[in-house]
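Read through the structure below, which is laid out as structure tokens, and then see the notes.
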Amino acid sequence: MGDDYSSVWSYRLKWLYTLLVVFTLMLPVFYVIYVSFNQNGFGAAEYVFTFEWYGEIFSDLLLLGALGNTFILAGITLAVAVPMGLIAAKFYKATEAKLLTVSLLLSPLFVPADILGSALLVFFKNLNIACATIGEWLGVSWFDTWFELGYFSALVGLIIYTLPYIFVVILITMGRYNEQQTEAARSCGATAWQAFVQVEFPQIRAGVFSACAFAVILTFNEYTRTSLLKGGYDTITSVLISQMLNEGMSEQSYAMSSLISFIAIALIGSIILYTLVQSERLEREARAKAEPVMSG
Amino acid sequence: MSQDIAVQVTDLSKNYGPVQALRGVDLSIAAGEYFVLLGPSGGGKTTLLRLLGGFIRPSAGRILLHGIDVSEQPPNHRPTSMVFQSFALFPHMNVAQNIGYGLRLRKLPKVEIDERVAAMLDLVGLGDLADRMPHALSGGQQQRVQLGRSLVLETDILLLDEPLAALDAKLRKDMCLELKHLQEQVGITFVHVTHNQEEAMTVADNMAIIADGELVETGTARDLYENPRRRFTADFIGETNIFDGTVTGVNNGEVAVDLGFAALTVDDNGQCPNVGTEVSVSIRSELVQILRSGIAVAADQQTLTANYGEAVYLGLATSHVAALPNGQAVVARHVSTGLALDVIAPGSSVELAWPRSMMRLHLS
Ligand SMILES: Nc1ncnc2c1ncn2[C@@H]1O[C@H](COP(=O)(O)OP(=O)(O)OP(=O)(O)O)[C@@H](O)[C@H]1O
Ligand SMILES: [Mg+2]
């Protein structure tokens with residue numbers, strides 16, 4: 001809020017400016033939402049309000065299938081990468097080799113999407129050839145298709161991609177946690193697992209949930225790695241992009257994009273709100289602790 | 001029961017990489033005793049306490065608690081519980097939930113937990129704060145909750161690592177006495193780490209001095225203050241004048257020590273130094289008197305000639321500093337009476353005198 005002497009108006013102006021920046025950034029999204037309610041679709045001269053396209057999302061099998069695929073990818077990525085990120089963050093706090101750990105974990109961030117995607121593509125293709133060759137030698141065929149492009153390879157790409165973000169987000173909240181509380185719990189008779197679940201986790205929950213949301217949103221957004229490693233244009237982003245590159249987006253696609261935007265904005269909005277409230281509380285506590293301890 | 005040994009530690013060592021935090025410590029603590037580990041910062045007190053609690057693994061040596069070897073056991077399998085310096089309350093649980101945490105882990109019936117938590121709240125004087133969150137408590141109250149959380153478990157041994165260090169001086173004094181009374185009431189073994197002498201003296205039945213990773217000396221507060229065996233102990237506890245010298249003769253329990261500029265005769269206190277050994281002799285500053293030269297002293301007094309330096313007023317006491325011929329400063333400390341004393345001019349020659357029987361000999 002600034003100090004007692006700063007002007008109320010400078011404070012209000014800062015807020016106004018912030019809102020303006022956010023609004024400008026979100027303008028294209030608002031336009032898509034606007035179009036999605038138009039009977040006549042994109043670029044039409046006449047605007048007729050309708051919910052029709054939203055109704056048709058559910059009859060567009062291509063889009064529905066893509067949404068399903070994306071959710072499967074997002075769900076599995078989240079289920080695998082978030083625990084991995086959590087373990088990595090715990091390891092980071094315990095290890096002495098912090099620099100090495102953090103460089104290794106963040107390295108995927110510094111590899112461009114298409115390079116990582118094509119590297120993995122080559123890797124999986126070679127693995128396939130190797131599997132087939134070995135299978136031929138041994139005269140068996142049951143592991144020929146293990147590493148074929150598909151869900152598995154796309155998931156590997158997505159997990160590598162999301163892990164650094166998840167790691168960092170969790171580490172930030174974990175940094176505030178006081179390790180002594182784990183020891184206190186242990187000396188009260190808790191096992192290491194009980195201490196984690198009952199004492200540490202409730203305090204880093206905000207970070208873990210943010211990491212989950214991050215994983216889902218990143219998966220929804222991802223085009224390069226997913227399309228290189230999965231093949232078949234059957235996730236939300238790849239469907240939308242392929243439509244745009246070919247015949248132009250269908251009206252339902254606008255509706256679908258809007259829907260996803262609504263969900264994403266609601267999700268991120270609530271996370272930000274939750275985090276703000278949480279950090280406000282933590283700060284209050286920190287202030288209370290910092291106050292001199294008086295007799296009595 | 002009171003003859004039982006609660007803690008028996010043999011040849012205990014702990015290394016952190018190249019740092020030897022603890023070296024070959026042997027220690028035993030009787031059950032039901034209030035035991036204090038006292039020593040300078042970095043001496044290894046916390047390390048020893050954490051080894052007892054099972055938070056770190058010994059590099060060598062054994063730990064027996066009530067006769068059972070727990071060296072390889074995790075904290076939750078040991079008959080100990082621990083009170084930390086600060087910030088160790090669970091911030092997402094209120095006072096009652098914090099205190100009841102260990103009981104819930106034991107899956108006791110809710111009625112029993114509530115009963116025992118309420119009784120504990122009364123014992124530690126927090127009866128009306130059961131629903132408060134930790135951040136809304138003062139430092140002293142937080143430490144009481146920690147105490148309650150540990151005591152309610154009725155473990156045999158309570159470990160306390162500088163439990164009062166975060167409190168102001170006045171509150172620390174009050175809580176010290178409270179801790180002592182609490183321990184007498186519950187009757188379990190307390191092992192309390194501190195680097196504050198007054199705190200240690202207030203609560204301890206027995207204490208150990210730990211410095212530089214080694215156990216220097218153990219004994220009651222009175223033993224260590226009045227009859228220290230080691231030079232370190234004499235120096236560390238209270239304010240002491242220490243003279244280094246060489247043994248020139250041993251005769252019938254009396255040791256003659258040459259300081260270079262004067263000679264002292266001191267009781268050997270059961271130690272038998274050889275002639276020629278380097279030793280130290282100590283005398284507490286409150287036993288030293290400063291006399292104008294020429295005043296007659298009793299035969300049982302040891303005297304040394306010195307040059308008066310200055311007086312430092314400290315409230316309760318006034319310290320007088322004088323310099324020996326070799327330049328060493330000697331401190332004489334006396335309760336400030338408020339009466340105007342005749343002032344000694346700085347630089348004038350004075351006699352320092354103290355009872356011979358109160359000097360202590362230190363071989364190491
Ligand atoms: N995790 C660690 N890694 C490396 N060295 C350590 C570690 N913990 C403690 N030490 C070292 O071991 C020695 C003893 O530490 P310890 O914490 O036991 O001292 P202490 O007596 O409790 O001191 P204080 O009164 O300051 O708390 C110190 O030199 C310290 O630097
Ligand atoms: Mg310590």
note = Flagged in the range B:151-174 as touching a residue at least 40 places away in the same chain (Cβ under 8 Å), within 7 Å of another protein chain (Cβ to nearest Cβ) and open to solvent by less than 10 Å² (accessible area, probe 1.4 Å), in numbering order, are B:LEU153
ask   = Which residues, taken from the range B:46-71, are open to solvent by 10 Å² or more (accessible area, probe 1.4 Å) and either more than 18 Å from A:GLY189 (Cβ to Cβ) or not assigned by TED's automatic domain parsing to the domain that holds B:LEU137 (or both)?
value = B:THR46, B:THR47, B:ILE56, B:ARG57, B:PRO58, B:SER59, B:ALA60, B:GLY61, B:ARG62, B:LEU64, B:GLY67, B:ASP69
inquiry  = Can you tell me how many residues within the range B:178-211 are open to solvent by 40 Å² or more (accessible area, probe 1.4 Å) and more than 21 Å from B:GLU239 (Cβ to Cβ)?
reply    = 8
request  = Could you list, in sequence order, all residues of the range B:38-62 that are away from chain A (no Cβ under 14 Å), within 16 Å of ligand 2 (Cβ to nearest atom), in contact with a Ser or Thr (Cβ under 8 Å, 6 or more places away or on another chain) and assigned to a loop (DSSP other than H, G, I, E, B)?
outcome  = none
query = Quick one: would you say B:PHE87 is assigned by TED's automatic domain parsing to the domain that holds B:LEU22, hydrophobic (A, V, I, L, M, F, W, C), at positive phi and open to solvent by 30 Å² or more (accessible area, probe 1.4 Å)?
reply = yes
query = Of all residues in the range B:115-168, which are acidic (Asp, Glu) and more than 19 Å from B:HIS92 (Cβ to Cβ)?
reply = B:GLU115, B:ASP122, B:ASP128, B:GLU154, B:ASP156, B:ASP161, B:GLU162, B:ASP168
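If I filter the range B:8-30 down to residues being over 18 Å from the mean Cα position of the chain (by Cα) and open to solvent by less than 10 Å² (accessible area, probe 1.4 Å), which single residue comes out as farthest from ligand 1 (Cβ to nearest atom)?
B:VAL9
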task = Considering (1) surrounded by 22 or more Cβ atoms within 10 Å (Cβ to Cβ); (2) farther than 23 Å from A:VAL197 by Cα; (3) facing chain A (nearest Cβ under 9 Å), say which one B:SER138 fails and leave the rest.
result = (1)
ask   = Looking at the range B:243-257, is at least one residue under 13 Å from B:LEU363 (Cβ atoms), without any contact (Cβ under 8 Å) to a residue 60 or more places away in the chain and open to solvent by less than 20 Å² (accessible area, probe 1.4 Å)?
value = yes
Search result, residues across the range B:258-271 that are part of a loop (DSSP other than H, G, I, E, B), under 18 Å from B:PRO228 (Cβ atoms) and in contact with a strand residue (DSSP E or B) (Cβ under 8 Å, 6 or more places away or on another chain) = B:ASP268, B:ASN269, B:GLN271
query = Residues in the range B:63-116 that are in contact with a Lys or Arg (Cβ under 7 Å, 6 or more places away or on another chain), under 17 Å from B:ALA6 (Cβ atoms) and more than 7 Å from chain A (Cβ to nearest Cβ): how many?
reply = 4
remark   = Scanning the range A:242-296 residue by residue, those more than 11 Å from chain B (Cβ to nearest Cβ), part of a loop (DSSP other than H, G, I, E, B), out of contact with any helix residue (DSSP H, G or I) (no Cβ under 7 Å at 6 or more places or on another chain) and at pLDDT below 75 turn out to be A:GLU247, A:GLY248
inquiry  = Going residue by residue through the range A:172-192, is there one that turns out to be within 14 Å of chain B (Cβ to nearest Cβ), open to solvent by 60 Å² or more (accessible area, probe 1.4 Å) and assigned to a helix (DSSP H, G or I)?
reply    = yes
key: Tally, over the range A:34-69, of residues that are of a type in the set (A, V, I, L, M, F, W, C) and within 22 Å of the chain's Cα centre (by Cα)   = 4
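The values are calculated or read from the model by the stated rules, or taken from the named source; none is laboratory data. Keep in mind the model is a prediction, meaning the values are calculated, not measured. Here the Cβ is made from the backbone with ideal geometry for all residues, glycine too, and neighbour counts use every protein chain on show. Ligands, DNA and RNA are stripped out before the accessible areas are found, and what is left, the full protein with its side chains, is counted by its heavy atoms. Shrake-Rupley method; radii C 1.70, N 1.55, O 1.52, S 1.80 Å.
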